[in-house]
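So the structure is just underneath, and the comments pick up after that.
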Amino acid sequence: MIIDSHTHVQFPQFNEDRGEVVKRALDNGIWMVNAGADKKSSQAAIELAHKYTEGVYATVGQHPGENDFDYDFYKLLASDKKVVAIGEFGFEYYIRDPNLRKFGIKNEEKERQRDIFLGHLKIAKEVSKPLIVHCREAFSDLIYILKSNILNNKSPGVIHFFTGTMDDAKKLLEMGFYFTFGGLITFNRDFDEIIKFIPLENLLLETDAPYVSPEPYRGKRNEPIYIIETAEKMAEIKNISFEQVCKTTTQNAKTIFNLT
């Protein structure tokens, strides 16, 4: 059994064969957590989860690239029994336009993202559910805010698709966070040392489907069943068995998301 802790099978890229994609995963012992990124996808994740007795779950939240955070809307969705976490939300400081990148992100945008981040933290505290945090080129601000607003003594949640430094990883580990890695690690060696450093007990697997397919599926739409390749690569990097990676990361996901 493997749990894909962060995927988006509710996204439009799966409109033609969503049921087949889910069945393919479940038939192969792969459970999934479909992460919301805005109002529509959060609702869709819940609707999809309710079609299955077990193995398909949802999170609700707003990606930092989205505007107009509706606190009451997400708070209502968060109470659904199929919602296992709040997210994905966080900080996105990456600037796609290379001509604008040198100027950096504006302070007003940082403040906007911070306010939305704090809104998600408040919801998570009120419904007692963990976080799914998105962070890109913003780890200093993320860590600073988390230190001032940590949820509780147990793990506050998951850093999705971790791309920070070793120092960032150490600081987040001290706060009790879990980390996910996806298909990127099958063709990019930049995070091998961090994966070796983070205890297996703090690691989860993800696909982030339909994005970032692992080798040998690069260029194709990603889907939960491809998490097998990521698990195999993690086992290789950490020099442990594939079975151990699957068993421990699955138990980690069950613990953080309170799955039975």
(Q) Can you confirm whether D192 is touching a helix residue (DSSP H, G or I) at 6+ places or on another chain (Cβ under 6 Å), touching a residue at least 24 places away in the same chain (Cβ under 8 Å) and of a type outside the set (K, R)? (A) yes
Q. How about the stretch 68-114: which of its residues are over 20 Å from the mean Cα position of the chain (by Cα) and of a type in the set (F, W, Y)?
A. Y71, F73, F103
Q.
For the stretch 113-152, give me the residue count where each residue is of a type in the set (G, A, S) and assigned to a helix (DSSP H, G or I).
A. 4
Q: Consider V21 carefully, then state whether it is over 12 Å from the mean Cα position of the chain (by Cα) and either at pLDDT 95 or above or surrounded by fewer than 21 Cβ atoms within 10 Å (Cβ to Cβ) (or both).
A: yes
Q) Can you name the residue in the stretch 147-174 that is at pLDDT 95 or above and among the hydrophobic types (A, V, I, L, M, F, W, C) and, of all such residues, is surrounded by the most Cβ atoms within 10 Å (Cβ to Cβ)? A) V158
Q. So which of I240, I256 ends up being modelled with pLDDT of 95 or more, of a type outside the set (D, E, K, R) and part of a helix (DSSP H, G or I)?
A. I256
Q. Does the stretch 105-112 contain at least one residue that is part of a loop (DSSP other than H, G, I, E, B), more than 30 Å from Y226 (Cα to Cα) and in contact (Cβ under 8 Å) with a residue 12 or more places away in the chain?
A. yes
**Q.** Hits in the stretch 167-176 - residues which are under 16 Å from D141 (Cα atoms) and outside any helix (DSSP H, G or I)
**A.** M175
Q: Could you please give the count of residues in the stretch 70-108 that are surrounded by fewer than 18 Cβ atoms within 10 Å (Cβ to Cβ) and of a type in the set (F, W, Y)?
A: 4
(Q) Which residue is surrounded by the most Cβ atoms within 10 Å (Cβ to Cβ), if the candidates are limited to the stretch 193-216 and must be assigned to a loop (DSSP other than H, G, I, E, B) and in contact with an Asp or Glu (Cβ under 8 Å, 6 or more places away or on another chain)? (A) T207
Q) If you go through the stretch 177-189 one residue at a time, how many are farther than 30 Å from N15 by Cβ, in a loop (DSSP other than H, G, I, E, B) and either hydroxyl-bearing (S, T, Y) or touching a residue at least 12 places away in the same chain (Cβ under 8 Å) (or both)? A) 1
Q) How do the pairs read when you match residues in the stretch 34-52 that are touching a residue at least 24 places away in the same chain (Cβ under 8 Å) with residues anywhere that are polar (S, T, N, Q) and in a helix (DSSP H, G or I), using Cβ under 9 Å and keeping only pairs 6 or more apart or on different chains? A) N34/S41; A35/S41; A35/S42; G36/S42; G36/Q43
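State all residues of the stretch 48-65 that are assigned to a loop (DSSP other than H, G, I, E, B) and modelled with pLDDT of 95 or more; if no residue qualifies, say none.
Answer for the stretch 48-65, where residues must be assigned to a loop (DSSP other than H, G, I, E, B) and modelled with pLDDT of 95 or more: H50, K51, Y52, T53, E54, G55, G61, Q62, H63, P64.
Within the stretch 92-115, does at least one residue satisfy the condition of being out of contact with any strand residue (DSSP E or B) (no Cβ under 6 Å at 6 or more places or on another chain) and within 18 Å of G157 (Cα to Cα)? Don't jump to the end; show me each part of the working.
Restricting attention to the stretch 92-115, the residues satisfying the condition of being out of contact with any strand residue (DSSP E or B) (no Cβ under 6 Å at 6 or more places or on another chain) are 93, 95-112, 114-115.
Narrowing further to those that are within 18 Å of G157 (Cα to Cα): 114.
Within the stretch 92-115, one or more residues are out of contact with any strand residue (DSSP E or B) (no Cβ under 6 Å at 6 or more places or on another chain) and within 18 Å of G157 (Cα to Cα).
The values are calculated or read from the model by the stated rules, or taken from the named source; none is laboratory data. As the structure is a computational prediction, the values presented were derived from the model and not from experiment. Positions of Cβ are backbone-derived with ideal geometry, glycine not excepted, and every protein chain shown enters the neighbour counts.
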